[in-house]
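**Q** Pasting in a structure now, in structure tokens, and then I'll have a few things to ask.
The values are calculated or read from the model by the stated rules, or taken from the named source; none is laboratory data. For clarity, every value in this text was computed on a predicted model and none was experimentally measured. Positions of Cβ are backbone-derived with ideal geometry, glycine not excepted, and every protein chain shown enters the neighbour counts.
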Amino acid sequence: MARKTSTRRAVAGLPRTEGRSSRTRPAGSGRLIEEVPPTRFAREGGPVERPIWAPWRMEFIRSEKRPGCVFCDFPAAPRSEDRRNLIVHRAEHAFTILNRFPYTSGHVMVIPQAHVADLDALPAEAWADLNEELRRAAAVVRAVYKPDALNVGMNLGRAAGAGIADHLHWHIVPRWAGDNNFMPVLADTRVVVEALDETWRRLSDGFAKGG
């Protein structure tokens, strides 16, 4: 006779664990999230993805989007406004800016000045400068935050997860051993321990030192 399986499911959409399980109640939420131990994944033949829990990004999702393109407007503004606009470095054809709703402290984006959505729309010179700025920004983030690793990636198109799909951009996210995964992330609360203005100061200083 086939063993009966429970029809109950955790709020996070995960299978119910066998035996003991741990439950957490995220801050500000009345919902329980049941965590599944890694050993369960191995027994059932593969990993189970867990959704990212980044409640601070809800402000971005719900906020009224300004007209135009901020990735065009911010570098077009005077350099005196770079701190307010979170730009930490400018190159000839690209710039580095803080993510206003970061996954971790030190999360930056490297963006071409040209308003293009596809890689093949960038002229060769702009593409080369964008990649050099990406290399430079990754080096500065490593020097300033000393992470164990980096996630570096680009979402091309809204279906791929791009928040601003019409203007391509790289993400650089510092990672530390034991933190949450950048893509299929365990359902737990993340704490960004550093104010954006302090992040701007530290990374701007890092670029100024020749990153």
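**Q** Given the conditions (1) among the charged types (D, E, K, R); (2) touching a helix residue (DSSP H, G or I) at 6+ places or on another chain (Cβ under 9 Å); (3) modelled with pLDDT of 95 or more, report the number of the one that Asp197 does not fulfil.
**A** Among (1) among the charged types (D, E, K, R); (2) touching a helix residue (DSSP H, G or I) at 6+ places or on another chain (Cβ under 9 Å); (3) modelled with pLDDT of 95 or more, the lone unmet condition for Asp197 is (3).
**Q** Can you go through Arg136, Arg83, Arg62, Arg50 and tell me which one is basic (Lys, Arg), modelled with pLDDT under 95 and surrounded by 13 or more Cβ atoms within 10 Å (Cβ to Cβ)?
**A** Checking each option against the conditions leaves just Arg50.
**Q** Can you find a residue in the stretch 125-145 that is more than 16 Å from the chain's Cα centre (by Cα), more than 14 Å from Phe207 (Cβ to Cβ) and of a type in the set (Lys, Arg)?
**A** No, there is no match, as no residue in the stretch 125-145 is more than 16 Å from the chain's Cα centre (by Cα), more than 14 Å from Phe207 (Cβ to Cβ) and of a type in the set (Lys, Arg).
**Q** If you don't mind, there's one more thing I want to ask. Based on this model, can you work out whether Ala177 counts as crowded, with 18+ Cβ neighbours inside 10 Å and either under 17 Å from the mean Cα position of the chain (by Cα) or modelled with pLDDT under 95 (or both)?
**A** No.
**Q** In addition: Is it the case that the stretch 92-111 has a residue that's touching a Ser or Thr at 6+ places or on another chain (Cβ under 9 Å), among the aromatic types (Phe, Trp, Tyr), modelled with pLDDT of 95 or more and closer than 21 Å to Lys209 by Cα?
**A** no
**Q** Looking only at the stretch 153-173, count every residue that is within 13 Å of the chain's Cα centre (by Cα) and under 18 Å from Leu134 (Cβ atoms) and tell me the total.
**A** The qualifying residues number 9.
**Q** In the set Ala117, Ala149, which member is out of contact with any Pro (no Cβ under 9 Å at 6 or more places or on another chain) and surrounded by fewer than 17 Cβ atoms within 10 Å (Cβ to Cβ)?
**A** Ala117
**Q** Find the residue count for the stretch 101-146, including only residues that are in contact with a helix residue (DSSP H, G or I) (Cβ under 7 Å, 6 or more places away or on another chain) and of a type outside the set (A, V, I, L, M, F, W, C).
**A** 5
**Q** Out of the residues in the stretch 98-135 that are in a helix (DSSP H, G or I) and in contact (Cβ under 8 Å) with a residue 24 or more places away in the chain, state the one that is nearest to Leu168 (Cα to Cα).
**A** Among those that are in a helix (DSSP H, G or I) and in contact (Cβ under 8 Å) with a residue 24 or more places away in the chain, it is Leu119.
**Q** Right, next: For Leu119, are the conditions met, namely being among the aliphatic types (A, V, I, L, M) and at pLDDT below 95?
**A** yes
**Q** Out of all the residues in the stretch 143-157, is one or more among the aromatic types (Phe, Trp, Tyr), modelled with pLDDT of 95 or more and under 24 Å from Arg83 (Cβ atoms)? Break it down into steps so the answer makes sense when it comes.
**A** Going through the stretch 143-157, the residues among the aromatic types (Phe, Trp, Tyr) turn out to be 145.
Pick out the ones that are also modelled with pLDDT of 95 or more and you get 145.
Filter again for under 24 Å from Arg83 (Cβ atoms), leaving 145.
Within the stretch 143-157 (the criterion being among the aromatic types (Phe, Trp, Tyr), modelled with pLDDT of 95 or more and under 24 Å from Arg83 (Cβ atoms)), the answer is yes, since at least one residue qualifies.
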